[in-house]
Structures are given as C-alpha cells and as structure tokens.
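Enquirer: Handing you a structure now.
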Amino acid sequence: MAKSHRRRHKHEKREAAMRISMSLPPELLSEFDQSMKKAGFSDRSKAIQTALHSFIDQYDWDQGQDSKKGAGAIMMLYDNHAYSHDDSATHVQHNFSDIISATTHLHLDHNNCLETIMVRGDIKRIKALTKSLSENRGIKSLKVHFVKIV
C-alpha cells in the first residue's frame with residue numbers, strides 16, 4: 001500500500017507561535033522599522049524572524065558547528081591574470097564535487113572576474129572548500145553566505 005503524504009492546507013492551523021516582548025532604544029527601533037520597510041517587509045514579526053534566522057546561521061558558521069548541514073554561495077572576486085584558474089583551481093572544485101551544486105562565472109572587465117559557487121552539505125566541508133579556494137593567488141574578495149538547512 002502506498003504511503004499517503006499529508007499537505008498543509010490554508011485552512012489548517014500552523015504551529016503555535018510564541019509571543020515575546022522586547023525593550024529597544026527608540027533610535028534602534030526607528031532604524032529597524034526603516035530598514036524593514038526598505039527590504040519589503042510588511043510587519044515587524046516577519047522581519048525579526050528573518051533577522052533571527054540570519055543571526056543563528058551566522059553563529060553556527062562562526063562557532064564551527066561543523067556537523068550542521070546547510071547551503072550557500074561562495075562568491076569570489078579575483079584578478080583574472082593572477083588567479084590560478086588552471087589545473088590547481090579546477091582540481092579544488094573537483095575535489096569538492098560532493099558539495100558543489102553549480103557555479104557561475106562572470107567577466108567583469110579585462111582584469112576582474114566574479115565567480116559564485118553554490119554549495120550544499122556539512123559546514124566542515126564548505127569551510128574546507130572556502131579555505132582551499134582562498135589559497136589561490138589573485139583573490140581580491142571571498143565571501144560566504146551560509147544558511148542552515150532546517
């Protein structure tokens with residue numbers, strides 16, 4: 001017999017939310033409200049939830065919660081003439097094919113390229129890939145945006 005999967009319908013109740021209260025300096029609240037509106041949020045609750053998720057993701061990344069699973073993007077800006085985008089750079093990405101889902105490469109001008117590597121897997125492996133990439137010459141900027149898979 002086939003297993004039936006249950007979908008949540010609009011009329012079903014979501015998990016109960018916990019209500020909290022906060023005390024904030026007026027200036028911080030004003031800045032938050034302005035930023036929230038510019039980012040397209042219609043209410044504080046959703047904006048605060050998003051900010052809390054980002055805080056937790058960053059903490060997990062920074063504190064070395066290596067067993068956690070996540071996904072993200074590694075963005076590299078590099079000098080096209082100095083970056084060793086030959087065998088060594090290619091080997092690095094091949095060595096991490098278990099976590100690399102996709103890459104994009106953009107020629108910004110004659111000297112500069114932007115590469116984005118989409119990854120999914122353990123923080124430990126994503127950090128190892130980031131370290132291996134950063135060891136190449138010509139890297140001007142390397143940033144990781146990580147989100148924990150919940």
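Enquirer: Net charge near Ile100: determine it from the other residues with C-beta under 12 Å of the C-beta of Ile100, scoring Lys and Arg +1 and Asp and Glu -1.
Expert: 0
Enquirer: Can you list the residues, at least 5 places off or on another chain, whose amide H is less than 5 Å from the amide H of Phe96, using H built in the peptide plane?
Expert: For Phe96, whose amide H was placed from the backbone, there are no distant partners under 5 Å.
Enquirer: Wrap a convex hull around the Cα atoms of the range 69-148, take a quarter of its surface area, and give that in square nanometres.
Expert: Its average projected convex-hull area is 4.5 nm².
Enquirer: Let me ask something additional. Which residue, chosen from Ile126, Asn136, His107, occupies the Cα position most advanced towards the positive end of the dipole of the range 69-148, where the dipole is computed from +1 (Lys, Arg) and -1 (Asp, Glu) charges on Cβ about the Cα centre?
Expert: Ile126
None of the figures in this text is laboratory data; all of them are computed from the coordinates on show. Here the structure is a predicted model, which means the values were calculated and not measured. Every residue, glycine as well, gets a Cβ built from its backbone with ideal geometry; the counts of neighbours run over all protein chains shown.
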